[in-house]
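Notes for the one structure printed next.
The values are calculated or read from the model by the stated rules, or taken from the named source; none is laboratory data. The structure displayed is predicted, hence computed values, not measured ones. When we count neighbours, we look across all protein chains shown, and the Cβ atoms used for this are built from the backbone with ideal geometry, even at glycine.
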Amino acid sequence: MMSRIEAMTAEKAAQSGRGRASPQSQQLSEEDRSKDVFFAQVAELTEAMIAQHGKDFAIGTLVLAAKFVAEGKPLVNRTGGDGEVKGAGKPG
């Protein structure tokens, strides 16, 4: 089954007239493959947030996370030496 992200990417490629890419252009670098994995994880998490709490919650969460990243703020506080997440960062 094709994921929602893969379907959207295929649709955009078809609309732009690219169609199927040549085998050579389908070979991604290790960094690009890694980024694709993270993007898929974010997409899955976002879909879960929408399903449970709606689009406004998902959008707000993603915007807040982007703001924290841009400002260099931690997204979680890791105060224990055991690697356990002790709490989420709060807007300031």
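If only residues of region 65-82 that are within 14 Å of residue 42 (Cβ to Cβ) and modelled with pLDDT of 95 or more are counted, the one that is surrounded by the most Cβ atoms within 10 Å (Cβ to Cβ) is 65.
How many residues does region 47-78 contain that are part of a helix (DSSP H, G or I) and basic (Lys, Arg)? Lay out the reasoning, then the answer.
Within region 47-78, the first condition is being part of a helix (DSSP H, G or I), and the residues that meet it are 47-53, 55-71.
Those still in the list that are basic (Lys, Arg) too: 55, 67.
Result for region 47-78: 2.
Of everything listed in (1) at pLDDT below 60; (2) in contact with a helix residue (DSSP H, G or I) (Cβ under 8 Å, 6 or more places away or on another chain); (3) surrounded by fewer than 11 Cβ atoms within 10 Å (Cβ to Cβ), the single unmet condition for residue 17 is (2).
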